[in-house]
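Student: So that we are looking at the same thing, I have put the structure below in structure tokens.
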Amino acid sequence: MRANPVKRLLRDGRPAVGTWLNIGNPITAEAVAALGFDWLVVDTEHSPIGIETATAMFQAIGGVGGVPMVRIPANTEENVKRVLDAGAWGVVVPMVRTAEEAAAAVDWCRYPPAGKRSMAGSPRHARAFGTDPQTYFARANDEILLVIQLEDIEAVRRADAILKVPGLDACFIGPTDLSASMGLKPGYEQKDPGFEEAIRMVREACKRHGVAPGIHTGSAAVLNQRIAEGFQFVALWSEVNFMLQAVRAELAKVQRRPA
Ligand code: 3PY
Ligand code: MG
């Protein structure tokens, strides 16, 4: 069974850099994955991507040696079960606000006795790791990456209780939702000192509980700064935002009349 290199990087205290995929298309997923990110998250929370398109995207990412991950729309057994059976190597669970919700995510992600994930031999999960179902059943708990999102100021205040739940690999800050919950203009970067303080609180709680801290960023400059602060599961924007940035910049240079 193929080992999940992101688990190894995070366990060794090293950064793992990925990006978000919001365009529901296996060809673009494959093209971005081939660029050399450590992981790719297919975002099914804030996009219209359904399970069949997500599965084709996992296949495309895996086909070029990438680590296919997914953000589910909400923390439910059904959502986690279906994407893991479809071959995702890791799950990002949005908007975790309590220790009970974190424990539920662990239950849906891990086979017994560590959790309550349902077992079936027929899905493509084992093939996604280049193995057979029995080996997958025995090893999946060690290779599947579970990332919970803390992105509400109330959850930040409860960070110690949430992060001490056993079985979490990483905790990913959603800066947009976090800033909105603090009454700030939603966005990845903020000048507000309270916002940076909340980010520091999560990072330090992660370190206390052996969970890799993570955060979404909108540029390499901020991403590098977050890595220097100790963040490990770090995301560089999304493929659709990169596309729009490039198109916008070139469109702005177009001269509709001769100069
Ligand atoms: C947020 O910024 O709220 C996110 O969830 C980023 O992924
Ligand atoms: Mg969010």
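The values are calculated or read from the model by the stated rules, or taken from the named source; none is laboratory data. Everything numeric here is computed off the predicted structure, so don't read it as measured data. Cβ coordinates were reconstructed from backbone atoms using ideal geometry, including for glycine residues, and neighbour counts include every protein chain displayed.
Student: Which residues, taken from region 135-153, are among the hydrophobic types (A, V, I, L, M, F, W, C) and assigned to a helix (DSSP H, G or I)?
Tutor: Within region 135-153, Phe137, Ala138, Ala140, Ile153 qualify.
Student: Kindly provide the set of residues from region 172-224 that are more than 25 Å from Gly90 (Cβ to Cβ) and either touching a Cys at 6+ places or on another chain (Cβ under 7 Å) or aromatic (Phe, Trp, Tyr) (or both), ordered by number.
Tutor: Residue satisfying the conditions is Phe195 alone.
Student: Is it the case that Glu151 is within 16 Å of ligand 2 (Cβ to nearest atom), within 20 Å of the chain's Cα centre (by Cα) and modelled with pLDDT under 95?
Tutor: Criteria not met by Glu151.
Student: Still on this structure, please answer the following. Can you find even one residue in region 239-253 that is surrounded by 13 or more Cβ atoms within 10 Å (Cβ to Cβ) and touching an Asp or Glu at 6+ places or on another chain (Cβ under 8 Å)?
Tutor: Checked against the condition, which is being surrounded by 13 or more Cβ atoms within 10 Å (Cβ to Cβ) and touching an Asp or Glu at 6+ places or on another chain (Cβ under 8 Å), region 239-253 yields no hits at all.
Student: Any residue in region 46-71 that is aromatic (Phe, Trp, Tyr) sitting within a Cβ distance under 6 Å of a residue that is crowded, with 23+ Cβ neighbours inside 10 Å and in a loop (DSSP other than H, G, I, E, B)? List the pairs, counting only those 6 or more apart or interchain.
Tutor: Every condition considered, the pairs that remain are Phe58/Ala88.
Student: A follow-up question, please. Can you pull out the helices (runs of 4 or more DSSP H) entirely within region 13-109 that have at least 1 residues that are under 25 Å from Ala126 (Cβ atoms), within 16 Å of ligand 1 (Cβ to nearest atom) and within 17 Å of the chain's Cα centre (by Cα)?
Tutor: Values: elements: 26-33, 51-63, 77-85, 99-109.
Passing ranges, in order: 77-85, 99-109.
Student: Looking only at residues that are touching a Leu at 6+ places or on another chain (Cβ under 9 Å) and polar (S, T, N, Q) in region 221-238, which one is surrounded by the fewest Cβ atoms within 10 Å (Cβ to Cβ)?
Tutor: Ser238
Student: For region 167-179, give me each residue that is within 16 Å of ligand 1 (Cβ to nearest atom) and either modelled with pLDDT under 95 or in contact with an Asp or Glu (Cβ under 9 Å, 6 or more places away or on another chain) (or both). Write out each step before concluding.
Tutor: The initial filter retains those residues of region 167-179 that are within 16 Å of ligand 1 (Cβ to nearest atom), namely 170-179.
Across region 167-179, the qualifying residues are Phe172, Ile173, Gly174, Pro175, Thr176, Asp177, Leu178, Ser179.
Student: Anything in region 103-138 that is surrounded by 18 or more Cβ atoms within 10 Å (Cβ to Cβ), closer than 27 Å to Leu163 by Cβ, of a type in the set (A, V, I, L, M, F, W, C) and away from ligand 2 (no atom under 16 Å from the Cβ)? List them, or say none.
Tutor: Of everything in region 103-138, those that are surrounded by 18 or more Cβ atoms within 10 Å (Cβ to Cβ), closer than 27 Å to Leu163 by Cβ, of a type in the set (A, V, I, L, M, F, W, C) and away from ligand 2 (no atom under 16 Å from the Cβ) turn out to be Ala104, Val106, Trp108, Cys109.
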